[in-house]
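Readers should treat all values here as calculations from the given coordinates under stated rules, not as data from a laboratory. Nothing here was measured: the structure is a model prediction, and the numbers come from that model. Note that we place each Cβ from the backbone using ideal geometry, even for glycine, and neighbour counts take in every protein chain shown.
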Amino acid sequence: MASSFKLPDLGEGLTEGEVARWLVAEGQEIAEDDPLVEIQTDKATVEVPSPYGGTVLKLLVAEGDVVPVGTELVVIGAPGEEAAASAPASGRVQATPVVRRIAQELNVDLATVAGSGPGGRITEEDVRAAASGGDGRREPLRGVRRVIAEHMARAHREVPPVTWVEECDFEDVPLERLLPTVVKACVDSLREFPELNARLDGDAILYLDRYDIGVAVQTDEGLVVPVVRGVDEKSVDELAAEIAGLAERARAGTLAADELRGSTFTVTSAGKLAGLFQTPIVNHPEVAILSIGRVAPRPVVWDGTVVIRRTGTVALTFDHRVVDGARAAAFGLAVIARLESPS
């Protein structure tokens, strides 16, 4: 007898997920525990196995759809068996509640829209294309890009940010060790300024006693922030090796879910693409993020003489609900002091 498989609870308090990619097709024979579908959550992409073997009779949700936990995703049964009467057969429009809401907001009659999803299901892209009259190309937010958009919108909505910027002399910092050196300097300074290694927890400030630093990495799919654990116990060389490994896995899309969560503070650097300085957005629920601007030889006054030295900027964006401006500035100067006099 055919059975439907529902989106399972993936933990971490998640209530919904995006069907990023189907790993099976209708009519395909699969065994128990075969890869079934990739689900994109706000933490990572998770490969979900099939709970039982049989024939894939019907895919009920299109790639790119975001659905709540408990939504029926696929019908699996015996070879030759037919899925229960589908919505097209009964004359009903197939669309998720989210798509129906978007259609209502855009004044689109779903009965006039041809669905491009599995079994004729109408997708969000179908609705938006109908609303625009086909004028121009529309690409729905999906996967990592959707998660980035949600995180950035939440941070902008909830965090009152302030950005502090100052110049820094990087002459004594090897460029190939720039990022791990900055991460180490940040953690050593966080010991002195614990309110920047904290988070707002309801009506209280939670001061964290661990130093797990997020390091922003640009990938083809968008920006991801893998986490380096226990930075306070590691040398710069150890950090360099670990950051390089995380960045490689991030770009290959092979990071584990637990490598993308639980950071207490974030460091970002765009390298050669960095402008003079940035105003980074706090990585919610953290309360601060530090970025490094473009580091290059520049004329500066050094001991009363104009000389050429490798110079850049340090920018710190912080949540003003938790961190006072003077303390944030003092933290930034402490980081700069450590970078200008590395041990």
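Computed FRET efficiency, Cβ-Cβ of R177 and Y207, R0 25 Å: what is it to the nearest 0.05? Computed FRET efficiency for R177 and Y207: 0.25. The calculated FRET efficiency for E47 paired with E192, based on their beta-carbon distance and R0 = 56 Å, is about 0.85. Find how many whole Å separate the alpha carbon centroid of the stretch 284-343 from the alpha carbon centroid of the stretch 148-166. Each part's Cα centre sits 19 Å from the other's. With K and R counted +1 and D and E -1, the other residues having a Cβ less than 11 Å from that of Y211 yield a net charge of 0. Start at zero, step by 5 Å, and the Cα-Cα distances of the stretch 141-223 spread as 3, 10, 13, 18, 20, 19, 12, 4, 1 percent across the bins.
Taking the Cα atoms only, what angle lies between the long axis of helix 236-252 and the longest principal axis of the chain, rounded to 10 degrees? On a 0 to 90 degree scale, this one is about 30. Note on A329 and E72: the extension gain reaches 87.4 nm, defined as 0.36 nm multiplied by sequence separation minus the Cα-Cα distance. Going through [x] 20.1; [y] 22.9; [z] 22.0, the figure that equals Kirkwood radius over Cα pairs in Å as computed for the structure here is [y]. In terms of its alpha-carbon gyration tensor, the stretch 150-284 comes out rounded; the largest-to-smallest axis ratio a/c stays below the 1.5 threshold. Between T279 and R229, the contour length at 0.36 nm per residue exceeds the Cα-Cα span by 15.5 nm. Maximal additional length on extending the R157-D237 stretch stands at 25.0 nm, based on 0.36 nm per residue less the C-alpha distance.
Rounded to the nearest 10 degrees, the angle from helix 178-190 to the longest Cα principal axis of the chain is 80 degrees.
If R0 equals 35 Å, the separation of the Cβ atoms of R321 and V300 corresponds to a calculated FRET efficiency of about 0.45. Based on DSSP H segments of at least four residues, each scored -39500 (n - 2.57), the chain has a per-residue ellipticity at 222 nm of -7500 deg cm²/dmol.
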